[in-house]
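Heads up, the thing below is written out as structure tokens.
The values are calculated or read from the model by the stated rules, or taken from the named source; none is laboratory data. A quick note: this is a predicted structure, and the numbers were derived from the prediction, not measured. We place every Cβ from the backbone using ideal geometry, glycine too, and count neighbours over all the protein chains shown. Side chains are part of the model used for accessible areas, which takes the heavy atoms of the whole protein and leaves out ligands, DNA and RNA. Shrake-Rupley method; radii C 1.70, N 1.55, O 1.52, S 1.80 Å.
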Amino acid sequence: MRRRQATATEVRAVFQRGAPCRFSVGDGLHLWVRGPGRAQWVLRYRAPDGRRRDMGLGTFPGVPLAEARARAQAARMAGRDPLAARAAERRARAEAEAPARQTFRAAAEALIAAKRPGWRNAKHAAQWQATLAAYAYPVLGDLAVAEVDTEAVLRVLRPLWQRAPETASRLRQRIEAVLDAATVKGWRAGPNPARWKGHLDALLPPPRKVQPVRHHPALPWPQMPAFLAALAEREGVAALALRFAILTAARTGEVRGMTWREVDLAARVWTVPAARMKAGRAHRVPLSTAALAVLEAVRPLAAGPDAFPAALETADAEATEATRSADAPALPSGFAMRRDGLAPQRRRPVRGRAAGWRPRRIRPRSAPGRGRARPPPAARRAGDAADMPIDESLPFLPVNIAVLTVSDTRDMSTDRSGQALQERIEAAGHRCVSREIVRDEADAIEAVLRRWIADPKVDCGITTGGTGITGRDVTPEAFRRVLEKEIEGFGELFRMLSYRKIGTSTIQSRALGGVAGGTYLFALPGSTGACKDAWDDILVFQLDSRHRPCNLVELMPRLREHLKAG
């Protein structure tokens, strides 16, 4: 007797309960519920060798029951082992799409295109292209990537190895990367003829022995007082920027891009965002009294957001002239703490930047007797992965998000805040299902909110604008007409993060969040910077189903529980 087939209502009920289980819907098809808001379809079958195998057919509710059954039927028709059949189909498709003869030039250009989005600046891609075009392509460019061997690689490297060993070493690394990528794509096989360890190191001398590395000159510390005295006599933003770089042991590029929003004068800390750090991690620099004095001196000269506008473009000239007067030539990069500046004066060597050293992160001290003050996890920079963990083993569930700009003056062409939100929503993998603009009128705002709540395609709505305290700012009033529950923590956390950037001015913001009819609603200020902060530091994590220890997405199936109970 054939078992009764499960219905869509039963499947939905099992999913909403969220208890981990395997729910059979018939004919070997199961809904594997891994936890609240996380479930996927699995087809269980017995392979020809007798083993039981599971074949994934997509996540629920993205793939409904009817479509999952159709996919299961198609998999059964593919043969006795659907997973093997799918793998064979993918291999055949890859072979059909692959060119008959892939050249080294084409493989290199494909690798550069694939890596370009992950490089920090366009200069990196230009360097790859320039070195390969100048040295590798004349020998390897038209050669089939499968035919590149050790002798061909040596024909590229040997003419350059003695003359410019650093360039030759980087060129070898790039050739090795191209050949590795070609191997992964199936365009070549066998060991990489450009690898160094255990291969080319037996045929070529180490680059550092051919031409030892010479660092930029650093200023010996006994000469620093005289240099600072000479620098203090100079006027202008560049001299102040150079003094600040010395006092904070920062790189000149970090000081050049510094903005006032990165400085917490009350805590005496400068936070360099991860995007401007060589290591790719946010860096907190404690500010001494002398460093704070430099910031006070430059404040009248920096009217915009940049602390040192156009400063270090002339810093090298300032350094050269000032150090000449101190009889100690050095470059701005030589003012960081380095081994060659300190080691001769100490019995124990000092770790320097040349050895990869960076000043350790120091937490600012609180009032005397209270120990060290540490901000709570939510107040730390969002770029710190340890503070905002994402469990990559969990499936990502895209959220349907609607955006509303509240303004009497903006249109789609001038709405930078709404555009910034849409770009961030889509970059995170979610769907921006609508974007519109209404006037600063409570009734008009309320009408849009109620339309979102009634629309099953909208999971979350975000508004920007109208959260201030003037007579025209009525967005919070419109929100409170429809909200069933307010998420107080959102407004509190947003204002705490905002305080770290704009100080007490944050009291003018009435940003808030809440839930109505199973839909999340958030009201953000109208400035583009505030919208970016709210998304980058809060919403991007709470709307990610993989965020641990919890997130808003996993609660979505339970937001309407009170409606069902009634």
>> I'd like the full set of residues that are without any contact (Cβ under 8 Å) to a residue 40 or more places away in the chain, aliphatic (A, V, I, L, M) and not in a helix (DSSP H, G or I), limited to segment 466-493.
In response: Val474, Leu483, Ile487
>> I'd like the residue in segment 1-42 that is touching a helix residue (DSSP H, G or I) at 6+ places or on another chain (Cβ under 6 Å) and of a type in the set (Gly, Ala, Ser) and, out of all such residues, is nearest to Gln542 (Cα to Cα).
In response: Gly37
>> Can you confirm whether Pro549 is under 22 Å from the mean Cα position of the chain (by Cα) and either modelled with pLDDT under 90 or outside any helix (DSSP H, G or I) (or both)?
In response: yes
> Which residue, of Glu151, Glu166, is surrounded by fewer than 12 Cβ atoms within 10 Å (Cβ to Cβ), touching a Pro at 6+ places or on another chain (Cβ under 9 Å), of a type in the set (Asp, Glu) and in a helix (DSSP H, G or I)?
Replying inline: Glu151
>> Is it the case, given these coordinates, that Thr248 is open to solvent by less than 50 Å² (accessible area, probe 1.4 Å), in contact with a His (Cβ under 9 Å, 6 or more places away or on another chain) and modelled with pLDDT of 80 or more?
In response: no
> Looking at this structure, is Asp459 more than 21 Å from the chain's Cα centre (by Cα), of a type outside the set (A, V, I, L, M), closer than 30 Å to Thr9 by Cα and surrounded by fewer than 17 Cβ atoms within 10 Å (Cβ to Cβ)?
Replying inline: no
> Looking at Ile453, Ile445, which is the one that is at pLDDT below 95 and part of a helix (DSSP H, G or I)?
Replying inline: Ile453
>> For segment 193-207, which positions are free of Cβ contacts under 8 Å to residues at least 24 places away in the same chain, part of a helix (DSSP H, G or I) and buried (at least 18 other Cβ atoms within 10 Å of the Cβ)?
In response: none
>> Suppose the filter is assigned to a helix (DSSP H, G or I) and open to solvent by less than 30 Å² (accessible area, probe 1.4 Å); does Ala420 pass it?
In response: yes
>> Could you check segment 530-546 and list, in sequence order, the residues that are closer than 14 Å to Cys460 by Cβ and part of a helix (DSSP H, G or I)?
In response: Ala534, Trp535, Ile538, Leu539, Val540, Phe541, Gln542
> Thr470 versus (1) surrounded by fewer than 20 Cβ atoms within 10 Å (Cβ to Cβ); (2) modelled with pLDDT of 95 or more; (3) of a type in the set (S, T, N, Q): which is the lone unmet condition?
Replying inline: (2)
> Going by the structure shown, is Arg281 surrounded by fewer than 16 Cβ atoms within 10 Å (Cβ to Cβ), on the phi < 0 side of the Ramachandran plot and either without any contact (Cβ under 8 Å) to a residue 24 or more places away in the chain or in a loop (DSSP other than H, G, I, E, B) (or both)?
Replying inline: no
> What do you reckon, is Ala78 open to solvent by 20 Å² or more (accessible area, probe 1.4 Å), free of Cβ contacts under 8 Å to residues at least 40 places away in the same chain and in contact with a helix residue (DSSP H, G or I) (Cβ under 9 Å, 6 or more places away or on another chain)?
Replying inline: yes
> When you go through (1) within 19 Å of Ile469 (Cβ to Cβ); (2) in contact with a Leu (Cβ under 9 Å, 6 or more places away or on another chain); (3) of a type in the set (Lys, Arg) one by one for Arg510, which number turns out not to apply?
Replying inline: (2)
> Do you know which of the residues in segment 138-160 that are of a type in the set (A, V, I, L, M) and without any contact (Cβ under 8 Å) to a residue 24 or more places away in the chain is farthest from Ala202 (Cα to Cα)?
Replying inline: Val139
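Here's the yes/no breakdown for (1) in contact (Cβ under 8 Å) with a residue 60 or more places away in the chain; (2) assigned to a helix (DSSP H, G or I); (3) surrounded by 14 or more Cβ atoms within 10 Å (Cβ to Cβ):
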residue	(1), (2), (3)
Ala113	no, yes, no
Ala136	no, yes, yes
Val178	yes, yes, yes
Thr183	no, yes, yes
> What number of residues in segment 474-515 are closer than 30 Å to Trp270 by Cα and acidic (Asp, Glu)?
Replying inline: 2
> In segment 219-240, what residues are in contact (Cβ under 8 Å) with a residue 60 or more places away in the chain, assigned to a helix (DSSP H, G or I) and surrounded by 15 or more Cβ atoms within 10 Å (Cβ to Cβ)?
Replying inline: Gln223, Ala226, Phe227, Ala230, Leu231, Val237, Ala238, Ala239, Leu240
>> Every residue in segment 31-53 that is touching a residue at least 24 places away in the same chain (Cβ under 8 Å), farther than 15 Å from Glu554 by Cα and surrounded by 13 or more Cβ atoms within 10 Å (Cβ to Cβ), please.
In response: Leu31, Trp41, Leu43, Tyr45, Ala47, Arg53
> With respect to the numbered conditions (1) within 27 Å of Leu397 (Cα to Cα); (2) touching a strand residue (DSSP E or B) at 6+ places or on another chain (Cβ under 9 Å), which one is the sole condition not fulfilled by Ala444?
Replying inline: (1)
